[in-house]
Amino acid sequence: MLEQTELTRIRKEAEEIELGQARGELWRKAEVLAAYKSTLAKVRAQLDAKLRVDLPARCAGQPAEVIEAAICEALDAAYAAISAP
């Protein structure tokens with residue numbers, strides 16, 4: 001009897017998960033991780049391009065404060081892209 005109750009509970013939870021996924025309320029862990037990795041790769045590429053190509057060309061001969069501000073701006077943009085929903 002206890003096994004039957006447990007089995008019924010497990011089936012009900014599985015059905016609720018499937019229904020949530022069908023409604024778009026729940027996501028599969030693998031899908032979330034893939035999207036997160038993709039976002040991180042994109043942000044890393046953009047940040048790398050800014051720090052290696054754009055900033056040196058734009059900040060050549062500028063005082064340290066200007067260079068630091070440009071680096072902070074690039075980092076803030078990267079952090080915003082990572083934390084955006």
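If you filter the stretch 1-83 for chymotrypsin sites (Phe, Trp or Tyr not before Pro), then keep DSSP loop positions with at most 13 other Cβ within 10 Å, what is left?
Of the chymotrypsin sites (Phe, Trp or Tyr not before Pro), the ones in loops of the stretch 1-83 whose Cβ has at most 13 other Cβ atoms within 10 Å are Trp27.
What do you get for trypsin sites (Lys or Arg not before Pro) in the chain restricted to DSSP loop and a cutoff of at most 15 other Cβ within 10 Å of the site's Cβ?
Here the trypsin sites (Lys or Arg not before Pro) that fit, given the DSSP loop and packing criteria, are Arg28.
Subtract the Cα-Cα distance of Glu65 and Lys37 from 0.36 nm times their separation in residues, and report this length gain in nm to one decimal.
6.8 nm is the gain from fully extending Glu65 to Lys37.
Mind checking the angle between helix 64-83 and the chain's longest principal axis? C-alpha axes, 0 to 90 degrees, to the nearest 10.
20
Which of Leu19, Leu2 comes first, and how do the rest follow, when ranked by fewest Cβ neighbours within 10 Å?
Leu2, Leu19
For P(r) over Cα pairs in 10 Å bins from 0, in percent, the listed values are [x] 15, 26, 19, 14, 12, 8, 5, 1; [y] 14, 19, 14, 12, 11, 9, 8, 7, 4, 2; [z] 17, 47, 26, 8, 2; which was obtained by calculation from the structure presented?
[x]
Within the stretch 2-83, how many Lys pairs sit with Cα atoms under 23 Å apart, leaving out pairs fewer than 8 places apart on the same chain?
Final tally of qualifying lysine pairs is 5.
Every number in this text was worked out from the coordinates using simple rules, so none of it is lab data. All values reported here derive from a predicted model rather than from experimental measurement. Glycine gets a Cβ as well: all are built from the backbone with ideal geometry, and neighbour counts include every protein chain shown.
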